[in-house]
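Undergrad: Below you'll find the structure I mean.
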Amino acid sequence: MTWSVRMDQLVLSLIILFRIAFVLGFDENRNDNLAVYWGQNSNGDQQTLSYYCQDDVYNVIPLAFLYVFFGTGGEPMMSFADTCNEGNGTFPGTALSNCTFLASDIEYCQGKGKIITLSLGGADSSVGFTNESQAEDFADTVWNSFLGGDSDVRPFGKAVLDGIDLDIEGGLPTYYNKFVDKLRTYTDKADKTYYITAAPQCPFPDAYVGPAINQSRFDAIYVQFYNNYCGLNYPEQFDFSLWDTWARTQSPNPDVKIYIGAPGSATAAGQGYVSPEVLIQYALVAQTNYSTFGGVMLWDASDAYSNDRYDKKIKDALAEFGQDVDNGSSSTGTGGTGGTGTGQECFQDAFVTEGRNLIERDGMSDLYTKEQGTLHLLTSIIHHSFKRLSAKISGKDYVKAFRKYSLYRRSEL
Ligand SMILES: *[C@@H]1O[C@H](CO)[C@@H](O)[C@H](O)[C@H]1NC(C)=O
Ligand SMILES: *[C@@H]1O[C@H](CO)[C@@H](O)[C@H](O)[C@H]1NC(C)=O
Ligand SMILES: *[C@@H]1O[C@H](CO)[C@@H](O)[C@H](O)[C@H]1NC(C)=O
Ligand SMILES: *[C@@H]1O[C@H](CO)[C@@H](O)[C@H](O)[C@H]1NC(C)=O
Ligand SMILES: *[C@@H]1O[C@H](CO)[C@@H](O)[C@H](O)[C@H]1NC(C)=O
């Protein structure tokens, strides 16, 4: 079958092309970033921070957590399980851990193009603001102690973190917008780029950070699609489109990116863990279907790394089809799509319908387990056709080609 052979060759060469184009560091405009929390030692075998920065799998590492806003002496408190806690020394008159020894790890990771942020909150925390000035003063503290400011109290020494993440799961939801706005007055003036993110639970809107993300500028939202009815384990209720719509129509930052947050192992969360194959399906559909998709977030490094490199499987799949997405239009393509237009949308609809049919009705998931890589190959045709050949073949022809190819693959088994 000449057609199939030619299609195989095309897919292979395009995959090779894409791998060469693969950007190793963090790039906020790309849709193949992997953000992985580090610090809480969820799996019990947490390694040093630099250990997880040795390869190119992680792009963003939020350090978890700064879990008390106003502790002894009015200073915050942090804990990174056995790696750094109050037992490792505190600043005089405070209960703030001295984690200066982590500076070299942080800088090592940053040197590899990754961004390291500080996550505020967590499940076990004492956080929140009762008025505006308290929130703004706390922004000063965070800027001076962890970011580009100056203070005698620098828990990571000379290391300058790349931003802040709000994983608020308790306390009052008020004034976080004031905190972020004040922080922005510093970061906007700085030479270095700082990132502000939040990690709401999937029920929309989030009870804690919902108001803040709707009022202030955030760079990315790591939606926790677990421990809830809308988690990855409930495909009927999983709803990325709610977050996509919010991002495009209500977010003060219209370029905000949405990440699919997932547990890194079966024990990482109460519920919501799915196999790497299933998470890859979710991620690739979102990567193709939504211009707001920024990548995947995993909880946490110890879980995802020890789970047969779940983290790497996800990153590899994301990177294979990753793109520089600028307001929804591809900027790495070799020409072709040339602007928006309803043609592209129709084409996309055709792909999604056909892909869904193949996966659900025609049992593609089953096929994938029989032959590792088949789904990948099919999805790669979808992506490459969609992103690169849409100018050349019409949606109808494409669907025909897709069907023909899948039949060919199945007859081969
Ligand atoms: C920090 O404290 C833990 C105990 O909680 C210990 O195992 C670790 O070695 C300490 N780290 C340093 C750098 O002292
Ligand atoms: C924090 O720890 C570093 C060594 O890691 C030490 O040099 C510094 O003096 C400590 N700071 C305080 C305030 O104890
Ligand atoms: C804000 O709240 C803090 C902490 O409760 C309090 O000390 C301060 O007086 C309050 N400031 C204003 C302006 O209400
Ligand atoms: C977000 O803010 C807009 C007004 O700027 C408002 O119309 C909308 O209801 C808010 N959405 C949420 C989820 O709070
Ligand atoms: C693609 O996005 C559209 C618009 O949000 C949505 O209606 C559709 O369900 C999405 N398709 C998939 C497969 O997620």
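Undergrad: Can you name every residue in the stretch 294-317 that is modelled with pLDDT of 95 or more and aliphatic (A, V, I, L, M)?
TA: 296, 297, 298, 301, 304, 314
Undergrad: So, in the stretch 145-178, exactly how many residues are out of contact with any helix residue (DSSP H, G or I) (no Cβ under 9 Å at 6 or more places or on another chain) and under 28 Å from residue 206 (Cβ atoms)?
TA: Taking the stretch 145-178 first, the residues out of contact with any helix residue (DSSP H, G or I) (no Cβ under 9 Å at 6 or more places or on another chain) are 145-146, 152, 165, 167, 169-172.
From what's left, under 28 Å from residue 206 (Cβ atoms): 145-146, 165, 167, 169-172.
Of the residues in the stretch 145-178, 8 are out of contact with any helix residue (DSSP H, G or I) (no Cβ under 9 Å at 6 or more places or on another chain) and under 28 Å from residue 206 (Cβ atoms).
Undergrad: Of the conditions (1) of a type outside the set (Gly, Ala, Ser); (2) away from ligand 2 (no atom under 16 Å from the Cβ); (3) touching a residue at least 40 places away in the same chain (Cβ under 8 Å), residue 83 fails just one. Which one is it?
TA: (2)
Undergrad: Please work out which residue is nearest to residue 49 (Cα to Cα), limiting yourself to the stretch 78-97 and to residues that are loosely packed, with under 15 Cβ neighbours inside 10 Å and within 12 Å of ligand 1 (Cβ to nearest atom).
TA: Going residue by residue through the stretch 78-97, those that are loosely packed, with under 15 Cβ neighbours inside 10 Å are 82, 87, 89, 92-93.
Narrowing further to those that are within 12 Å of ligand 1 (Cβ to nearest atom): 82, 87, 89.
Working: 82: 12, 87: 19, 89: 19 Å.
For the stretch 78-97, the residue satisfying everything is 82.
Undergrad: With respect to the numbered conditions (1) crowded, with 21+ Cβ neighbours inside 10 Å; (2) away from ligand 2 (no atom under 16 Å from the Cβ), which one is the sole condition not fulfilled by residue 146?
TA: (2)
Undergrad: Going residue by residue through the stretch 98-115, is there one that turns out to be of a type in the set (Gly, Ala, Ser), surrounded by 21 or more Cβ atoms within 10 Å (Cβ to Cβ) and either within 16 Å of ligand 2 (Cβ to nearest atom) or without any contact (Cβ under 8 Å) to a residue 60 or more places away in the chain (or both)? Lay out the reasoning, then the answer.
TA: Pass one, the stretch 98-115, residues of a type in the set (Gly, Ala, Ser): 103-104, 111, 113.
Still in the list and also surrounded by 21 or more Cβ atoms within 10 Å (Cβ to Cβ): none.
No, every residue in the stretch 98-115 fails to be of a type in the set (Gly, Ala, Ser), surrounded by 21 or more Cβ atoms within 10 Å (Cβ to Cβ) and either within 16 Å of ligand 2 (Cβ to nearest atom) or without any contact (Cβ under 8 Å) to a residue 60 or more places away in the chain (or both).
Undergrad: Can you find a residue in the stretch 210-218 that is of a type in the set (A, V, I, L, M) and within 15 Å of ligand 4 (Cβ to nearest atom)? Spell out how you get there, then give the answer.
TA: So in the stretch 210-218, the residues of a type in the set (A, V, I, L, M) come out as 212-213.
Filter once more, so that each one left must be within 15 Å of ligand 4 (Cβ to nearest atom): 212-213.
Yes - at least one qualifying residue is present in the stretch 210-218.
Undergrad: Give the residues of the stretch 57-77 that are more than 16 Å from ligand 2 (Cβ to nearest atom), crowded, with 18+ Cβ neighbours inside 10 Å and in a loop (DSSP other than H, G, I, E, B), sorted by residue number.
TA: Result: 57, 58, 59, 69.
Undergrad: I'd like the full set of residues that are assigned to a helix (DSSP H, G or I) and closer than 18 Å to residue 53 by Cα, limited to the stretch 99-142. Spell out how you get there, then give the answer.
TA: Going residue by residue through the stretch 99-142, those that are assigned to a helix (DSSP H, G or I) are 100-111, 132-142.
Scanning the stretch 99-142 gives 101, 102, 103, 104, 105, 106, 107, 108, 109, 110, 111.
Undergrad: So which residues in the stretch 246-261 are within 15 Å of residue 201 (Cα to Cα) and either within 16 Å of ligand 1 (Cβ to nearest atom) or more than 12 Å from the chain's Cα centre (by Cα) (or both)?
TA: 246
Undergrad: Looking at the stretch 118-134, which of its residues are of a type outside the set (Asp, Glu) and surrounded by fewer than 24 Cβ atoms within 10 Å (Cβ to Cβ)? Spell out the reasoning first.
TA: Restricting attention to the stretch 118-134, the residues satisfying the condition of being of a type outside the set (Asp, Glu) are 118-123, 125-131, 133-134.
Residues satisfying the conditions are 118, 122, 123, 125, 126, 128, 129, 130, 131, 133, 134.
Undergrad: If you don't mind, there's one more thing I want to ask. Kindly establish whether residue 197 is among the polar types (S, T, N, Q) and out of contact with any strand residue (DSSP E or B) (no Cβ under 7 Å at 6 or more places or on another chain).
TA: Here the answer is no, as residue 197 does not meet what is asked.
Undergrad: Consider the stretch 243-254. How many of its residues are more than 13 Å from residue 213 (Cβ to Cβ) and within 11 Å of ligand 5 (Cβ to nearest atom)?
TA: Within the stretch 243-254, residues that are more than 13 Å from residue 213 (Cβ to Cβ) and within 11 Å of ligand 5 (Cβ to nearest atom) number 3.
Undergrad: Tell me which residues, restricted to the stretch 149-184, are in a helix (DSSP H, G or I) and crowded, with 17+ Cβ neighbours inside 10 Å. Break it down stepwise before answering.
TA: We begin by selecting, within the stretch 149-184, every residue in a helix (DSSP H, G or I); these are 176-184.
Passing the criteria: 176, 177, 178, 179, 180, 181, 182, 183.
Undergrad: Let me ask something else about it. Checking residue 213 against (1) within 24 Å of residue 178 (Cα to Cα); (2) within 16 Å of ligand 5 (Cβ to nearest atom); (3) of a type in the set (A, V, I, L, M, F, W, C), which test does it fail?
TA: (2)
Undergrad: Here are the criteria: (1) within 18 Å of residue 160 (Cβ to Cβ); (2) away from ligand 1 (no atom under 16 Å from the Cβ). Tell me which single one residue 106 does not satisfy.
TA: Residue 106 satisfies every listed condition except (2).
Undergrad: Here's a follow-up. Please specify each residue of the stretch 174-221 satisfying the condition of being aromatic (Phe, Trp, Tyr) and within 16 Å of ligand 3 (Cβ to nearest atom). It would help to see each step written out before you state the result.
TA: So the first thing to find is which residues in the stretch 174-221 are aromatic (Phe, Trp, Tyr), and the list is 175-176, 179, 186, 194-195, 204, 208, 218.
Across the stretch 174-221, the qualifying residues are 175, 176, 179.
Undergrad: Here is a list: 239, 206. Which entry is closer than 24 Å to residue 123 by Cα and either within 16 Å of ligand 5 (Cβ to nearest atom) or touching a strand residue (DSSP E or B) at 6+ places or on another chain (Cβ under 7 Å) (or both)?
TA: After ruling out the rest, the residue left standing is 239.
Residue by residue, here is whether (1) more than 14 Å from ligand 3 (Cβ to nearest atom); (2) in contact with a Ser or Thr (Cβ under 8 Å, 6 or more places away or on another chain) holds:
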{"residue": "125", "(1), (2)": "yes, no"}
{"residue": "129", "(1), (2)": "no, yes"}
{"residue": "134", "(1), (2)": "no, no"}
{"residue": "137", "(1), (2)": "no, no"}
{"residue": "144", "(1), (2)": "yes, yes"}
{"residue": "151", "(1), (2)": "yes, yes"}
{"residue": "165", "(1), (2)": "yes, yes"}
{"residue": "172", "(1), (2)": "no, yes"}
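Undergrad: Among the listed residues 91, 80, 70, 101, which satisfies the condition of being away from ligand 5 (no atom under 16 Å from the Cβ), at pLDDT 95 or above and in contact with a Gly (Cβ under 7 Å, 6 or more places away or on another chain)?
TA: Testing whether each residue is away from ligand 5 (no atom under 16 Å from the Cβ), at pLDDT 95 or above and in contact with a Gly (Cβ under 7 Å, 6 or more places away or on another chain) leaves just 80.
The values are calculated or read from the model by the stated rules, or taken from the named source; none is laboratory data. Quantities reported herein were computed from a predicted structural model and do not represent experimental measurements. Cβ sites come from the backbone with ideal geometry, for glycine too, and all protein chains shown count toward neighbours.
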